[in-house]
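Values in this text are rule-based calculations from the coordinates and carry no lab data. Fair warning: this is a prediction, and the values are worked out from it, not measured in the lab. Cβ placement follows ideal geometry from the backbone for every residue including glycine, while neighbour counts extend to all protein chains displayed.
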Ligand SMILES: NC(=O)c1ccc[n+]([C@@H]2O[C@H](COP(=O)([O-])OP(=O)(O)OC[C@H]3O[C@@H](n4cnc5c(N)ncnc54)[C@H](OP(=O)(O)O)[C@@H]3O)[C@@H](O)[C@H]2O)c1
């Protein structure tokens, strides 16, 4: 209810109900790629596959924004490359670090000015690879970067009847705004009840 996606210690399982989680798998299946920040990989060790019934004909490409390649080679993600493509979008140079992942994950260099993965360059690389729809699943820091860069056209989030409090991790991390006029505004498109949760959909308002 209060826009938090995890406790302050990173625990996020489970906030929403099983129907919402099943819907997330459908959302993954409907996109060419699923993207998370490395913070989510380190906290949750997720697979990020679309586990729908029946399974989708093709799994989305699973991408981690991971500037200095902190994704553990022993993670479930890296070790499930047999289920579909795994990409680590990095800002570091050098093939030596990518050797850690042998053939299990591709490493793309998409560095920005701040030594981090550059959202725009990552999108451009995706386009070159034929990846045209990207489901940014979190966490809050990565989501904030994409919102800030103006690269998000739809927000869909599940609001569960639970309070986590201000010490929890926010769905959208700091945007560094000082003027209300600069706050990105969204159009509320729908609110759908899913079990005990509500799935809210917003589209970006462009001027
Ligand atoms: N409830 C939910 O639906 C849900 C969904 C997803 C995640 N989560 C929770 O969210 C938490 C993780 O969220 P988080 O905000 O701490 O981490 P995050 O957004 O998953 O990852 C942040 C990290 O991504 C890397 N990164 C690379 N390029 C970036 C860029 N341009 N902008 C921002 N980050 C970039 C940075 O590490 P480097 O500098 O090392 O690259 C950064 O620290 C976990 O507890 C997870 O359980 C919850």
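Using Cβ counts within 10 Å as a stand-in for footprinting exposure, how do 179, 137, 99, 200 rank, fewest first? Don't skip to the end; give the middle numbers.
Working: 179 6, 137 19, 99 10, 200 16.
So the residues, fewest neighbours to most, are 179, 99, 200, 137.
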Kirkwood hydrodynamic radius for segment 4-204: how many Å is it when counted over pairs of different Cα atoms?
17.7
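Quick one: grab the alpha carbon gyration tensor of segment 1-91, order the square roots of its eigenvalues as a ≥ b ≥ c, and give me rounded if a/c is under 1.5, else prolate or oblate depending on whether a/b is larger than b/c.
Values: a/c = 1.88, a/b = 1.03, b/c = 1.84.
Taking the square roots of the gyration eigenvalues as a ≥ b ≥ c, segment 1-91 is oblate.
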Which whole-number percent is the relative contact order of segment 14-87 (Cα, under 8 Å, 6+ apart)?
33
I'd like the orientation of helix 18-29 relative to the chain: the angle between its Cα long axis and the longest Cα principal axis, in ° from 0 to 90, rounded to 10.
50
So, R0 is 25 Å and r is the distance between the beta-carbons of residue 58 and residue 156; what FRET efficiency does that work out to, to 0.05?
0.75
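If you take the square roots of the eigenvalues of the alpha-carbon gyration tensor of segment 55-141 and sort them as a ≥ b ≥ c, do you get rounded (a/c under 1.5), prolate (a/b over b/c) or oblate? Each step should come with its number before you reach the end.
Details: a/c = 1.62, a/b = 1.11, b/c = 1.46.
Because a/c hits 1.5 or more and a/b fails to exceed b/c, segment 55-141 counts as oblate.
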Relative contact order for segment 32-138, counting Cα pairs under 8 Å that sit 6 or more residues apart, in percent
31
Out of 48, 175, 88, a Gaussian network model of the chain with alpha-carbon springs under 10 Å gives the largest mean-square fluctuation to 175
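May I ask what percent, to the nearest 5, of DSSP beta bridges between residues of the chain are antiparallel? The partial results should precede the final answer.
Values: 17 of 34 bridges.
If I count the DSSP bridges inside the chain, around 50 percent turn out antiparallel.
Rounded to the nearest 500, what is the chain's calculated 222 nm mean residue ellipticity when only DSSP H runs of at least 4 contribute -39500 (n - 2.57) each, over all residues?
On the way: 5 runs with 43 residues, N = 207.
The helix contribution divided over the chain gives -6000 deg cm²/dmol.
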Using Cα springs under 10 Å in a Gaussian network model of the chain, which residue among 29, 173, 50 shows the largest mean-square fluctuation?
173
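Arrange 167, 118, 103, 124 by Cβ neighbour counts within 10 Å, fewest through most, would you?
The order, fewest Cβ neighbours first, is 103, 167, 124, 118.
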From fewest to most C-beta neighbours within 10 Å, the residues 83, 199 line up as 83, 199
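Looking at the square roots a ≥ b ≥ c of the eigenvalues of the Cα gyration tensor of segment 146-207, which shape do they give, rounded for a/c under 1.5, prolate if a/b is larger than b/c, or oblate?
On the way: a/c = 2.49, a/b = 1.29, b/c = 1.92.
It comes out oblate by the Cα gyration axes.
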In a Gaussian network model over the chain where Cα atoms closer than 10 Å are linked, find which of 58, 120, 141 has the largest mean-square fluctuation.
58
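Run the numbers on segment 4-204 and let me know its relative contact order in percent, using alpha-carbon pairs under 8 Å that are six or more apart.
Values: 350 pairs, mean separation 48.5, N = 201.
It rounds to 24 percent for segment 4-204.
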In degrees, nearest ten, helix 119-128 long axis to first principal axis of the chain (Cα):
60
